[in-house]
1. Identify all residues within region 316-327 that are touching a residue at least 24 places away in the same chain (Cβ under 8 Å) and assigned to a helix (DSSP H, G or I); write none if there are none.
2. Would a scan of region 54-63 turn up a residue that is closer than 17 Å to Gly195 by Cβ and touching a residue at least 12 places away in the same chain (Cβ under 8 Å)?
3. Which residues, counting only those in region 153-181, are hydroxyl-bearing (Ser, Thr, Tyr) and surrounded by fewer than 19 Cβ atoms within 10 Å (Cβ to Cβ)?
4. Just to check your reading of the model, which residue among Val123, Val168 is touching a helix residue (DSSP H, G or I) at 6+ places or on another chain (Cβ under 8 Å) and in contact (Cβ under 8 Å) with a residue 60 or more places away in the chain?
5. Within region 375-416, restricting attention to residues that are in a helix (DSSP H, G or I) and free of Cβ contacts under 8 Å to residues at least 24 places away in the same chain, which residue is surrounded by the fewest Cβ atoms within 10 Å (Cβ to Cβ)?
6. Tell me yes or no: at least one residue of region 59-70 is at pLDDT 80 or above and either of a type in the set (Val, Ile, Thr) or surrounded by 24 or more Cβ atoms within 10 Å (Cβ to Cβ) (or both).
7. Would you point out the residue of region 288-314, among those that are in contact with a Gly (Cβ under 8 Å, 6 or more places away or on another chain) and aliphatic (A, V, I, L, M), that is surrounded by the most Cβ atoms within 10 Å (Cβ to Cβ)?
8. Inside region 121-222, counting only helices (runs of 4 or more DSSP H) that do not spill past its ends, which hold 1 or more residues that are farther than 30 Å from Ile442 by Cα, modelled with pLDDT of 90 or more and touching an Asp or Glu at 6+ places or on another chain (Cβ under 6 Å)?
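The values are calculated or read from the model by the stated rules, or taken from the named source; none is laboratory data. The structure presented is a predicted model; accordingly, all values stated were derived computationally and were not measured. All Cβ positions, even for glycine, are placed from backbone atoms using ideal geometry, and neighbour counts span all protein chains on display.
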Amino acid sequence: MERERELSNKDLMGDALGQFSLNIATGLLGIIMYYYTDIVGVSAGLVGTIMLLTKAIDAFADIGMGVLVDRTRSRHGQARPWLLWMVLPLFVSILLLFSVPDMSPSAKIVYAVVTNFLFFVCVYTPLSIPYLSLIALTTRSPADRALMGIYRAGFGYFAGMVVAVGFVPIVNAMGGGSTEWTLLAALFGAAASVGIFTAFRATKEKYSTVQLKEAGEVKKTLPFMLGLRLLFSNKFWLIVVSAGLLANILFAMSATAGMYYAKYIWGDVNLVSVMGGIGLIPVIVVFLLSGPLIKRWGKRYTAVLGLGIGTIGLLLRLLDPYSIPLGLVGSLIQAFGMIPLMIVLAPMTADTIEYGEWKHGQRIVGLTNSVNGFGGKMGTAFGTALIGWLLAWGNYQENAAVQGESAKQMIIAFNLYIPMIIYIAIAVLLLFFSLEKQYTRILDDLEQRKEMIG
């Protein structure tokens with residue numbers, strides 16, 4: 001039977017401002033590779049290794065954060081208090097990331113390592129894992145979760161576009177120096193902090209571990225290793241976390257790749273704003289159509305359709321990688337590729353939590369999202385590092401006006417060939433996600449268990 005909605009549109013908008021803030025932060029981290037190589041003057045290969053190491057360490061911190069969320073008890077709930085606690089640290093950490101002092105090259109590298117570590121381990125992880133957990137803690141309604149995915153993806157995509165489209169042209173108009181980068185990053189960081197605070201005020205937890213224990217719906221708190229073993233026996237979660245890992249490789253690469261492509265393949269770095277700007281067109285179309293498509297076809301087939309369209313855009317660009325008109329048209333089509341996936345991944349993850357609760361009698365919220373975060377961070381780390389390594393392999397010259405042919409081929413590879421492989425791999429994975437067919441029955445079974453105990 002159809003389950004009633006539990007959240008208003010106002011609630012969904014307030015919650016989505018959290019994703020707006022997170023995507024501002026990840027958008028800024030997406031362009032930090034360019035900041036390090038072309039503004040600060042650090043070697044591309046070293047930057048790639050720095051990003052890999054710091055994000056890999058942070059990925060392991062996600063596991064501990066998930067356990068901490070599952071065990072957090074406060075008057076604000078289980079996950080919400082972390083949003084409040086991270087408001088000010090988010091702003092300060094973003095400011096520090098884009099404030100590399102004028103020092104020796106080795107000192108700049110040390111500064112980059114320390115500030116990246118502080119941002120990821122001490123701020124972003126304690127913020128993102130609780131925020132992701134809120135989907136499962138605030139509602140069980142499939143309609144709400146689908147809408148939450150749409151709202152979050154919409155606000156998040158808009159934030160990412162603002163950074164991708166606006167940051168470089170604005171900072172260049174301001175002068176383009178390191179001071180201007182610091183100032184603009186601080187303004188974006190302040191906006192992100194305001195969004196997180198708004199999300200904290202707008203949400204309310206209804207299905208925390210404490211509440212469900214009191215209702216007799218879940219058993220005692222699980223030991224960590226048992227929870228991890230149950231999680232990895234959840235076949236649908238394995239599909240989602242694998243798709244998320246691949247998606248984050250692509251997100252990390254695309255956040256930076258476009259700037260190198262516009263500057264060295266098309267000859268004008270400001271064209272990256274045009275690429276991002278035309279991406280707003282499919283955003284509007286997809287968000288208008290995604291609700292009806294998800295209702296009719298389900299989450300996975302909606303995402304697969306988008307990936308297929310995105311692949312067509314990549315094939316079009318490959319006809320002539322140096323053609324600006326062809327590239328812009330291909331970019332427009334390609335932009336349809338990942339938006340549906342962005343919409344459905346978080347709701348699909350939340351659905352796997354109910355499946356695990358139904359199968360094992362244990363509701364594993366924090367650990368589920370933390371291990372998802374671990375996979376996502378490893379994907380982001382690898383995607384970011386891969387750009388640096390490929391640039392170094394292609395003999396990329398930092399701050400050079402023109403690059404050699406080998407460097408250009410590497411730029412084309414991480415803009416076109418690698419994304420196409422990832423699109424196809426994710427689509428194949430999603431075809432095995434059949435949970436939607438039995439999800440309503442699972443929720444009904446959980447309700448019956450609660451009534452029998454009550």
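1. Across region 316-327, the qualifying residues are Arg317, Leu318, Ile324, Gly327.
2. No, the conditions are met nowhere in region 54-63.
3. Ser178, Thr179
4. Val168
5. The residue in question is Glu405.
6. For region 59-70, residues at pLDDT 80 or above and either of a type in the set (Val, Ile, Thr) or surrounded by 24 or more Cβ atoms within 10 Å (Cβ to Cβ) (or both): present.
7. Leu307
8. 168-174
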